[in-house]
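Colleague: Here it is, the structure, as structure tokens.
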Amino acid sequence: MKILAKCPKCDAGLPVSAAEAPAAIKCGSCGREIPLAFSDPVRADRAVDRCPVCAGADFYIRKDFDPTVGLTVVIIGALISAAFYWYGRDLIAYGILAAAALIDLAVYGRLKDLTVCYRCHSEFRGDYVKTASSFDLHTADVLEMEYERRIGRR
Ligand SMILES: [Zn+2]
Ligand SMILES: [Zn+2]
């Protein structure tokens, strides 16, 4: 399992391999030492039960989506179809637009899920069984505030 640990101080994303399970990492951008506590299921890539960064046990699932990829497909599709439109081939133009939207959908459907920690926003990628539910704004509000108070940001 690959973890993107979020620095509590500056929010930088720090890649960590759960199999190596380091006891602490140092933030490359602000220099803060971040102690990590890996649970056995996390180390073995079986499940995300406890966050190694903040020790929280509340997670949500989201698609591992890079929004810029989807946007690029749509923009390129729009440019090509604009060219056809310019030459009076509107049917082809609409067809290309529709194809770009379909490609976008296909890319989205094939994306893997990843688990995110509600409190510190660390991300967990791997083959483990995803058991967390989808994002809930109310839960996020409550847990983020609790976490930020704990680390002294508020
Ligand atoms: Zn930092
Ligand atoms: Zn966390």
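The values are calculated or read from the model by the stated rules, or taken from the named source; none is laboratory data. Being a predicted model, the structure only gives us computed values, none of them experimental. All Cβ positions, glycine included, derive from the backbone under ideal geometry; neighbour counts span all protein chains shown. Accessible surface areas use protein heavy atoms only, side chains included; no ligands, DNA or RNA. Shrake-Rupley method; radii C 1.70, N 1.55, O 1.52, S 1.80 Å.
Colleague: Determine the gain in length on full extension of the stretch CYS10-ILE80; use 0.36 nm per residue of separation and subtract their C-alpha separation, reporting nm with one decimal. Write down the numbers at each step before the final one.
Modeller: Numbers: separation 70, 0.36 × 70 = 25.20 nm, distance 4.13 nm.
Gain in length upon complete extension: 21.1 nm.
Colleague: Quick one: pull the percent of accessible area on the chain belonging to carbon and sulfur, 1.4 Å probe, ligands and nucleic acids left out. List each step's numbers first, then the result.
Modeller: Details: 5560 of 9320 Å².
Roughly 60 percent of what the probe reaches on the chain is carbon or sulfur.
Colleague: Order the peptides 23-34, 6-17, 42-53 from the highest to the lowest mean number of other Cβ atoms within 10 Å of their residues. Could you put the intermediate results ahead of the total?
Modeller: Numbers: 23-34: 12.8, 6-17: 16.1, 42-53: 20.2.
Ranking the peptides 23-34, 6-17, 42-53 by packing returns 42-53, 6-17, 23-34.
Colleague: Note down the Stokes-Einstein diffusion coefficient of segment 20-154 in µm²/s, whole number, using a Kirkwood radius over alpha carbon pairs, 37 °C, and 0.692 mPa s.
Modeller: Working: Rh = 18.0 Å.
Reported coefficient: 182 µm²/s.
Colleague: Is segment 70-109 best put as rounded, prolate or oblate by its Cα gyration tensor, with a ≥ b ≥ c the root eigenvalues, rounded for a/c under 1.5, and otherwise prolate when a/b is larger than b/c, oblate when not? It would help to have the intermediate numbers written out before the result.
Modeller: Working: a/c = 5.57, a/b = 2.10, b/c = 2.66.
Oblate shape, in that a/c is at least 1.5 and b/c is the bigger or equal ratio.
Colleague: VAL69 to ALA140: extension gain in nm, 0.36 nm per residue of separation minus the Cα-Cα distance?
Modeller: Roughly 22.9 nm would be gained on extension.
Colleague: What accessible area per residue, rounded to a whole number of Å², is obtained for segment 5-150 using a probe radius of 1.4 Å? Write down the numbers at each step before the final one.
Modeller: Values: 8740 Å² over 146 residues.
I get 60 Å² per residue for segment 5-150.
Colleague: If you don't mind, another one. Just flag the chymotrypsin sites (Phe, Trp or Tyr not before Pro) in segment 75-154 sitting in loop per DSSP whose Cβ has no more than 14 other Cβ atoms within 10 Å. Working shown, then result.
Modeller: Numbers: sites: PHE84, TYR85, TRP86, TYR87, TYR94, TYR108, TYR118, PHE124, TYR128, PHE135, TYR147; in loops: TYR87, TYR118, TYR128, PHE135.
Answer in residue order: TYR87, PHE135.
Colleague: Sticking with this structure for a sec: Step through the residues of segment 86-93 one at a time and calculate ³J(HN,Hα) from phi using the Karplus curve (6.51 cos²θ - 1.76 cosθ + 1.60, θ = phi - 60°), rounding each to whole Hz and writing x for Gly and Pro.
Modeller: Each residue's phi maps through the Karplus curve to give 4, 8, x, 9, 5, 4, 4, 4 Hz.
Colleague: Suppose every K and R has +1 on its Cβ and every D and E has -1 on its Cβ; what is the size of the dipole of the chain about the Cα centre, in Debye to the nearest 20?
Modeller: On the way: 20 positive and 19 negative charges, 65 e Å.
Here the chain has a charge dipole of around 320 debye.
Colleague: Moving to a separate point now. If only Cα atoms are counted, what is the Rg of segment 83-154, and what is its Dmax, in Å?
Modeller: Cα-based Rg and Dmax for segment 83-154 come out at 21.1, 62 Å.
Colleague: When the chain is fully extended, how far beyond the present Cα-Cα distance does VAL129 get from LEU91, taking 0.36 nm per residue of separation?
Modeller: Numbers: separation 38, 0.36 × 38 = 13.68 nm, distance 4.50 nm.
Fully extending the segment from VAL129 to LEU91 adds 9.2 nm.
Colleague: Continuing with the same structure: Tell me the mean residue ellipticity at 222 nm calculated for the chain from its helices only (DSSP H runs of n ≥ 4, each -39500 (n - 2.57), averaged over every residue, nearest 500). Could the numbers behind the result be given before it?
Modeller: Numbers: 4 runs with 58 residues, N = 154.
Taken over the chain, the calculation gives -12000 deg cm²/dmol.
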